[in-house]
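The values are calculated or read from the model by the stated rules, or taken from the named source; none is laboratory data. Just so you know, these numbers come straight off a predicted model, no measurement behind them. Methodologically, a virtual Cβ is constructed for each residue, glycine included, from the backbone with ideal geometry; neighbour enumeration extends over all protein chains shown.
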Amino acid sequence: MNVEGAPMASALTFTTLLNDSRAGIGGKITSYRRGLLTTSDFSLTYAYGIPTGQKNWLFFGLSGGAISNTIDLNKVSDPNDPAIATYLANNIQPAASFGMLYRSGSGLNIGISLPQLFPSVFNSDESFSELTVSPTDNVFFTIYYKRKVESKIVARNKGGLKQKVKTQEAIAPLEFYFNYKYSKYGNSQFELLAKLNLTQNFWLGGSYRLPYGFTGNLGINAQRFTFGYSYEPGNQPQDGFSQGTHEVILGLKLGQLKKFKRAAPVLRSTLTKTPAEKHTARFQETVEDPDNINQQQQTDNKKKYFVVIRVYNDFTAADVYKKKLITDKFNADIFYNPQDKKYYVHVLETLKAAEAHEEVRNLKTYTKLKEARVLIVTISK
């Protein structure tokens, strides 16, 4: 604002995950106009994620396209200037960038990107000095904390009455960002940002960017639409340079929500059993501390390990739940413990402690059977 020929940047972007994969694609068209110079670029992006644990990921992204620089000759006093003629001869060039991000289940994320893999060539005339740009001359680092909490019950007004409803998706109440842009040519800068998500549909934020000062922003989600607004006051390095900067973002969500796909393990409790395989636990073994989840990882032929889902006092209720699990393709059965006179519905029986504990972790991670635990049984001689 308040600058003749003030710079204006416009961008149109699109991103999506590919169905049933760990990959995503995107596209971007931007235009950056400042005075008589306009820079336009088009790029396509491919991203891929690799799980490094149950809740950790490593993502890579590569973009490629073209960039064009043009001059408005109507604003040039001497269109025959040799510098302009040689500049216009190189107005379309290749452009590419690369980035990677490590995302941990704790909420801490670390990223690095190289925004300019190919050097820009502004003039090919040998009478002008040329500047060689390396991909590492400009590097962008980011560290941020963003941890989502599970859906919760909230009170909302509906028809003049307050009702308890469950939020549709998890949100991160607070987000913190630290960005650092390194430049070999002396204009490095850092930025601190914070974002407060008051609800799923409204957030407030603020940042401090050296040497430009503070920025405030807010955002609203309305069904499939997103609106964001940011304002940076006129705290420029030079007093009176401008009256501030406005930025407006409009977003549209298309299709259904897609999630990053993890390679689900083979659940032993769902494998088809051979006809000769059967359970022999009921009434034939004794239980050692049924509430203790033993972390022993070695095979002990004097013990059996059961992956138990639920415990019942009544056989009929246990049998009903067992049949439900069988309908869901689990190898469910019932173990009766004469010591506490309870019926244990289990989905796996094994002589290996490691197999039992691994199955419990997989069931809790990839299924709705969050109550799974290990029951240790001593075989009667």
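Of note:
- Residue match in segment 328-339 (condition: surrounded by 13 or more Cβ atoms within 10 Å (Cβ to Cβ), among the hydroxyl-bearing types (Ser, Thr, Tyr) and modelled with pLDDT under 90): yes
- Test result for Tyr366, closer than 30 Å to Pro51 by Cα and surrounded by fewer than 20 Cβ atoms within 10 Å (Cβ to Cβ): yes
- Every residue from segment 108-119 that is touching a residue at least 24 places away in the same chain (Cβ under 8 Å) and either closer than 18 Å to Leu62 by Cα or crowded, with 17+ Cβ neighbours inside 10 Å (or both): Asn109, Ile110, Gly111, Ile112, Ser113, Leu114, Pro115, Phe118
- Taking first residues from segment 34-45 that are closer than 17 Å to Lys75 by Cβ and partners that are hydrophobic (A, V, I, L, M, F, W, C) and surrounded by 14 or more Cβ atoms within 10 Å (Cβ to Cβ), the Cβ contacts under 7 Å between residues at least 6 apart in sequence or on separate chains come to Leu36/Ile71; Leu37/Ile71; Thr39/Ile67.
- Listing of strands (runs of 3 or more DSSP E) fully contained in segment 1-119 that carry 3 or more residues being at pLDDT below 90: 37-51, 57-71
- In segment 260-272, the residues that are not assigned by TED's automatic domain parsing to the domain that holds Leu58 reach residues that are at pLDDT below 75 with C-beta atoms within less than 8 angstrom, at least six apart or across chains, in these pairs: Lys261/Asp20.
- Any hit, segment 184-196, residues being exposed (fewer than 13 other Cβ atoms within 10 Å of the Cβ), modelled with pLDDT under 90 and aromatic (Phe, Trp, Tyr): yes
- Pairs linking a residue in segment 57-80 that is touching a residue at least 60 places away in the same chain (Cβ under 8 Å) to a residue that is assigned to a strand (DSSP E or B), with Cβ atoms under 6 Å and 6 or more positions apart or on different chains, are Trp57/Gly49; Trp57/Pro51; Trp57/Arg103.
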